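Notes follow once the structure below has been shown.
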Amino acid sequence: MTKTNLSKFKTLCQCNFTLLVTNLNYHIYSPDELHLFYTSVSTLINNYPDNQFIWRPHPAEICCRRSAFNIFYQRIFSHAKNMRIMDSQVNTSNFHPMNNEPTERLIARAKNIISMPSTVLLDAEMYQKPTLLFETYSNKDMIKAFKKVTVFNSKETLLSTFEEILKNLNQQF
């Protein structure tokens, strides 16, 4: 194993990051809901500078919203030292070098997950990862189908539930 590959492997095995997995291209989300999600995550990242965040957007999210997606990332997230993008197509300096890593493997290594209703939840459940779901008017009915989920629908609920998850994780170790 080369020195570079060993370094990448050690980084991923640390399990010391929160994984954001999004599918914001899905037609049910309004522009206001997209803005709420982006600004809530921005607030979270700013309030937890010692936590590492890795964001894996859905490929269609990049493709379908390329210009808006890049504008949001440039405007809101380009300053963040503790957040990395896992897609080389995003026009930003803080994309993660492991962008070819399968999402399922990232979920297995993450300490917790932030997402919206999607198939990601199956892997999160399989690996028993604490998961925060973005709840909106548009997806409430989908979320009702899940028996045990933690949701957020504002900056305040994202911050408080994230803090609770961190406390529970720290008690486990």
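In the range 112-133, of all residues being touching a residue at least 60 places away in the same chain (Cβ under 8 Å) and among the β-branched types (Val, Ile, Thr), the one that is nearest to Thr39 (Cα to Cα) corresponds to Ile114. Scan the range 31-49 residue by residue and report those that are farther than 18 Å from Val151 by Cβ and touching a residue at least 12 places away in the same chain (Cβ under 8 Å). If the condition is that a residue be farther than 18 Å from Val151 by Cβ and touching a residue at least 12 places away in the same chain (Cβ under 8 Å), then Ser42, Ile45, Asn46, Asn47, Tyr48, Pro49 are the ones that fit. For the range 148-172, a tally of residues being closer than 17 Å to Asp50 by Cα and among the small types (Gly, Ala, Ser) returns 1.
Among Thr22, Thr39, which is the only one that is at pLDDT 85 or above, in contact with an Asp or Glu (Cβ under 9 Å, 6 or more places away or on another chain) and closer than 18 Å to Ile85 by Cβ?
Details: Thr39 fails: in contact with an Asp or Glu (Cβ under 9 Å, 6 or more places away or on another chain).
Being at pLDDT 85 or above, in contact with an Asp or Glu (Cβ under 9 Å, 6 or more places away or on another chain) and closer than 18 Å to Ile85 by Cβ holds for just one of Thr22, Thr39, which is Thr22.
Of the residues in the range 80-101, not one is touching a Ser or Thr at 6+ places or on another chain (Cβ under 8 Å), modelled with pLDDT of 90 or more and of a type outside the set (Ser, Thr, Tyr). When Thr136 is tested against (1) more than 19 Å from Asp32 (Cα to Cα); (2) of a type in the set (S, T, N, Q); (3) buried (at least 16 other Cβ atoms within 10 Å of the Cβ), only condition (1) is not met.
The values are calculated or read from the model by the stated rules, or taken from the named source; none is laboratory data. Quick caveat: nothing in here was measured; it's all calculated off a predicted structure. In this analysis, Cβ positions are derived from the backbone assuming ideal geometry, glycine residues included, and neighbour counts consider all displayed protein chains.
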